[in-house]
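Undergrad: This is the structure, below, for whatever I ask next.
Any read-out appearing in this document is the output of simple, stated calculations on the displayed coordinates, not a laboratory observation. Given the structure is predicted, the values throughout are model-derived calculations rather than measurements. We place every Cβ from the backbone using ideal geometry, glycine too, and count neighbours over all the protein chains shown.
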């Protein structure tokens, strides 16, 4: 899945953030906080072809109901799209 | 389960976390003592083309990497004028690629042409420009260069490009008469201006105090600035609060008014001088550590230990005016030579500011 903005992931004091780089700073001049699973999905995004791949990876790594995982992934990707990151 | 959110208070949260866990959240990188301006009240403005002991780009990048690994998120590039370095973008670009939120302090005169174009390709988190006056004449007398027009146009261009720009205004005898113009320009530009008439004695340079206002003049300048920037109701609220010795604005530093360093200096932030010394704050001559020799982590921990030992005056901790006073360890040491010396200049400035704000309020209430 193609990322439209350059973001660098940082983990500081146990918290994970995305820091915008390059022209992304103009639209997103701030920090984005990621939950643990959000950070997990973020790392998979460049290689993932679609949501199904992300879902399979989440189900393999986390004990979570498929419906819940699917809804959460969809919500997370929706937010990324809202912010024109994805 | 998963999530992503922006958090405007994340900086405060991270600093609280850093203080608890002992990691640096913010770092100030004084990239050079050189400056194309020569403002007399400034503590670091060498004119030489080359200064012995100035760190190389690679040294700055290495220190920034170590600081990043220790937890640093925010980095402020300052000077001198950082943009006089020919290798500025080598350092800046490397720090951006580290995932740092990089801000820039500048006098604004060089933020044009290729430098601006390059900066706009990957803009800083924020640019703080010092606005020294409202005319070419003031700039010539205070900074040694008639750069007023250039600075204003450069700020305008950055703002129009979408960069977060702030103005810092140092009120001195050289530009006191320009206060109204400075305020008007900041409004026209749509850029927030933060002014102060308190000038630290530049003890890292020569300690000459003749280039600042008297405490009474400085107090009046702050009242005049408040009259310019606030509506009458807000000015009245602040005057009443000051009269009651209540804090009039949220201070980044004063978590509580104990004896010691009250801000983030040496707790979650550090200042790296142009020659590689690490200080809690750039205004202070010490205590300091040497990260190039000790390694960043050891220098940082050493700095935290040294900072914890700093004591400020008992008299300040129990002073009723404390909530409205700008005194701190850096003020004390620059004014008196010791961190627990009472800074009489600031005592006079604060009491005068309270009295003069009240007088201005009463005059306008009639």
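Undergrad: Across 10 Å bins from the origin, how do the percents of Cα pairs in segment B:142-187 run, short distances first?
TA: Per 10 Å bin, starting at 0, the Cα pair percentages come out as 22, 56, 21, 1.
Undergrad: For peptide A:2-14, how many partner chain Cβ atoms fall within 10 Å of a residue's Cβ, on average?
TA: Averaged over the peptide's residues, the number is 4.
Undergrad: Separate question: Using mean Cβ contacts within 10 Å as the protection proxy, how do A:46-55, B:116-125 order, highest first?
TA: Going from most to least packed, we get B:116-125, A:46-55.
Undergrad: Another question, then. Can you give the Rg/Rh ratio of segment B:297-366, where Rg is from the C-alpha atoms and Rh is the Kirkwood radius?
TA: 1.19
Undergrad: Assuming a ≥ b ≥ c are the square roots of the Cα gyration tensor eigenvalues, decide whether segment B:56-179 counts as rounded (a/c under 1.5), prolate (otherwise, with a/b larger than b/c) or oblate.
TA: On the way: a/c = 2.18, a/b = 1.91, b/c = 1.14.
Verdict is prolate for segment B:56-179.
Undergrad: If you don't mind, there's one more thing I want to ask. Taking the beta-carbon count within 10 Å as an exposure proxy, list B:278, A:7 from fewest neighbours to most.
TA: Fewest to most other Cβ atoms nearby, the residues stand as A:7, B:278.
Undergrad: At 7 Å along Cα-to-Cβ for each site, give me the label-to-label distance between residue A:71 and residue B:149 in nm.
TA: 6.4 nm
Undergrad: Of all DSSP beta bridges located in chain B, what percent are antiparallel, nearest 5?
TA: On the way: 3 of 30 bridges.
Antiparallel bridges: around 10 percent, rounded to the nearest 5.
Undergrad: Ok, one more. Provide the convex hull volume over Cα atoms per residue for chain A, in Å³.
TA: Value for chain A: 86 Å³ per residue.
Undergrad: Report the extension gain between residue B:275 and residue B:294 in nm, rounded to one decimal, defined as 0.36 nm multiplied by the number of residues separating them, less their alpha carbon distance.
TA: Stretched fully, the residue B:275-residue B:294 segment lengthens by 5.4 nm.
Undergrad: How well do other chains shield peptide A:30-43, expressed as the mean number of their Cβ atoms within 10 Å of each residue Cβ?
TA: The per-residue average across the peptide is 4.
Undergrad: Would you calculate the separation in nanometres between label points at residue B:336 and residue B:177, each defined as 7 Å from the Cα along the Cα-to-beta-carbon direction?
TA: Label-label distance for residue B:336 and residue B:177, simple model: 3.7 nm.
Undergrad: Something else: Express in % the proportion of alpha carbon pairs of the protein assembly as shown at distances exceeding 37 Å.
TA: Numbers: 31533 of 101926 pairs.
I get 31 percent for the Cα pairs in the protein assembly as shown exceeding 37 Å.
Undergrad: Also: Can you grab the distance from the C-alpha centre of segment B:273-313 to the C-alpha centre of segment A:40-59, Å, no decimals?
TA: Cα centres, segment B:273-313 to segment A:40-59: 45 Å.
Undergrad: Just the number, please: percent antiparallel of the DSSP beta bridges in the protein assembly as shown, rounded to the nearest 5.
TA: Antiparallel: roughly 35 percent of the beta bridges in the protein assembly as shown.
Undergrad: Looking at the square roots a ≥ b ≥ c of the eigenvalues of the Cα gyration tensor of segment B:162-240, which shape do they give, rounded for a/c under 1.5, prolate if a/b is larger than b/c, or oblate?
TA: oblate
Undergrad: What number results when the radius of gyration of segment B:247-348, computed over Cα atoms, is divided by 2.2 N^0.38 Å? Each step should come with its number before you reach the end.
TA: Details: Rg = 14.0 Å, N = 102, 2.2 N^0.38 = 12.8 Å.
That ratio works out to 1.10.
Undergrad: Once both labels are modelled 7 Å past Cα along the beta-carbon direction, what's the residue B:140-residue A:53 spacing in nm?
TA: Rounded to a tenth, the inter-label distance reads 6.6 nm.
Undergrad: Efficiency by 1/(1 + (r/R0)^6): what FRET value for residue B:97 and residue B:156, r their Cβ-Cβ distance, R0 = 35 Å, to the nearest 0.05? Please report the intermediate quantities before stating the final value.
TA: Details: r = 29 Å, r/R0 = 0.83.
The formula returns an efficiency of 0.75 here.
Undergrad: Let a ≥ b ≥ c be the square roots of the eigenvalues of the Cα gyration tensor of segment B:10-365; is it rounded (a/c under 1.5), or, if not, prolate (a/b larger than b/c) or oblate? Let's see the in-between values first.
TA: On the way: a/c = 1.63, a/b = 1.17, b/c = 1.40.
Note, shape of segment B:10-365 comes out oblate.
Undergrad: In deg cm²/dmol, rounded to 500, what helix-only [θ] at 222 nm does the protein assembly as shown give when every DSSP H run of at least 4 residues adds -39500 (n - 2.57) and the total is split over its residues? Numbers along the way, then the final one.
TA: Details: 18 runs with 197 residues, N = 452.
The helix-only estimate for the protein assembly as shown comes to -13000 deg cm²/dmol at 222 nm.
Undergrad: Assuming R0 = 35 Å, can you tell me the calculated FRET efficiency for the pair residue A:23 and residue B:168, based on Cβ-Cβ distance, to the nearest 0.05?
TA: In this case the efficiency is close to 0.85.
Undergrad: For a label point 7 Å from the Cα of residue B:90 along Cα→C-beta, name the residues of segment B:37-77 whose backbone N is under 17 Å from it.
TA: Hits in segment B:37-77 for residue B:90 at 17 Å: B:50-65.
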